[in-house]
Amino acid sequence: MPGTSTLNGGPGHKRGLGRLLPYLGPAFVASVAYIDPGNYATNIQAGSEFGYTLLWVIFASNIIAILVQATSAKLGIATGLNLAQHCRRAYPKWASVGLWVMMEIVAMATDLAEFLGAAIGLQLLFGFPLWIGGLLTAVATFLILGVERFGFRPLEAIITGFVAVVALSYLLETILDRPDWALLASSFAPPRLPGAEAALLAAGILGATVMPHAIFLHSALTQNRLRPADDAGRKRLFGFELIDVFVAMGVASFVNAAMLVMAAATFHKSGMTHIGTLQSAYLTLEPLLGKASSVVFGVSLLASGLSSSAVGTSAGQIIMEGFIDRHIPVWLRRLITVAPSLVVIFIGLEPTRVLVLSQVLLSFGLPVTIFSLLRFSADRKLMGSLANSRVTNILLGAAAVLVTVLNIFLIVKTVFPGGL
């Protein structure tokens with residue numbers, strides 16, 4: 001599919017949504033990382049403990065996510081290479097290999113959270129033991145990834161369908177839990193963090209929202225999707241991708257906000273300020289809001305886990321190929337990433353605790369990922385007319401520093417809960 005014909009003809013002659021549809025998809029695939037089971041754990045804990053107070057953190061995190069994902073997409077469009085490939089070309093071999101090892105650990109931690117989330121969803125909905133849910137999740141993920149052989153559009157359609165299920169589930173949850181809209185609005189004026197525990201949860205929300213593997217993934221999803229022949233075509237393509245990013249990240253932001261609102265309007269309002277596991281959240285929803293609410297919660301968790309597990313595996317493959325120029329079959333990578341999850345299940349570790357700890361592990365890879373993205377996207381020799389503006393560089397740099405500081409705080413508080 002030549003890029004020039006798609007941009008200058010065909011869909012380009014259509015009007016309205018018909019013109020936009022061929023370019024939608026990459027951001028929705030990347031957005032799955034923003035509504036994965038790790039987000040459930042942090043958002044529900046934040047809502048049950050602090051009510052609506054930390055709602056502003058979700059929207060602030062989403063602004064950073066839009067900036068980062070748009071820049072990642074732009075890197076792939078402008079250069080035809082993804083972030084991992086740029087790192088391999090620009091960094092010394094020892095640094096590239098070291099970064100690859102770090103990102104592989106991050107990818108496996110991500111996959112662990114996503115895999116466990118789907119297994120918990122199956123357990124909650126159908127009563128399966130976790131180990132059976134784990135095996136069923138592995139099979140389902142294989143089947144989802146199998147459609148990739150037919151091209152990127154079928155996989156994008158399936159992932160977007162899962163995102164829609166999660167979004168509709170939380171739209172229904174919001175209707176059922178009847179939030180206090182006046183109290184909700186007051187949480188933004190002014191934004192506040194009432195104590196160290198709130199700051200810790202805010203860092204967890206940010207860490208669960210802006211994920212390294214999604215940044216690598218988005219640049220790969222746009223690098224060869226279309227190949228415009230000139231700068232004008234690349235700018236036009238990036239304009240369409242910006243719409244994709246805003247819509248997809250907007251949906252992800254709504255879902256995350258709805259998770260916290262549900263916890264605030266049900267658990268916090270009822271004095272249940274320490275809902276610590278996904279299982280307890282599911283079981284507590286039924287007596288508070290009725291059977292439908294708990295079923296909707298379970299369905300959304302299952303859809304989130306299955307879609308994010310498939311996307312996480314693809315991201316891990318992209319990271320490996322980009323950093324070390326080696327390819328292994330997706331089925332083998334799926335087996336490798338399933339192993340830690342099954343170990344966690346079989347030795348009986350508490351799944352929600354593992355989910356939260358996996359988000360902490362992601363923190364180690366996030367700062368270097370954003371700083372690398374800033375380095376390459378600011379280079380005019382690489383990016384041409386799509387190079388970052390000075391304002392974008394300042395905002396992206398500030399976001400990188402903020403994420404780094406908050407994640408250091410998160411790590412220190414997790415490792416030393418009683419203080420140094």
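Coordinate-derived values only; no laboratory data. Values in this document were obtained by computation on a predicted structure and should not be read as measured data. Here the Cβ positions follow ideal geometry from the backbone for every residue, glycine too, while neighbour counts run over all protein chains shown.
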**Asked** Rounded, prolate or oblate: which fits segment 109-179, taking a ≥ b ≥ c as square roots of the Cα gyration tensor eigenvalues, rounded meaning a/c under 1.5, else prolate when a/b beats b/c?
**Response** oblate
**Message:** I need Y91, Y40, Y34 ordered by Cβ neighbour count within 10 Å, fewest first.
**Reply:** Y91, Y34, Y40
**Request:** Label segment 27-415 by shape, choosing from rounded, prolate and oblate, from the square roots a ≥ b ≥ c of the eigenvalues of the Cα gyration tensor; if a/c is under 1.5 it is rounded, and otherwise prolate applies when a/b is larger than b/c, oblate when it is not.
**Result:** prolate
**Prompt:** Tally Lys and Arg at +1 and Asp and Glu at -1 over the other residues with C-beta under 13 Å from the C-beta of G322: what net charge comes out?
**Reply:** 0
**Packing-based exposure ordering (other Cβ within 10 Å, fewest first) of S270, S341, S72** = S270, S341, S72
**Prompt:** Rounded to the nearest 0.05, what FRET efficiency is calculated for T273 and A189 with R0 set to 30 Å and r the Cβ-Cβ distance?
**Reply:** 0.85
**Close Lys-Lys pairs in segment 27-415, where close means Cα under 26 Å and separation is 8 or more or interchain** = 6
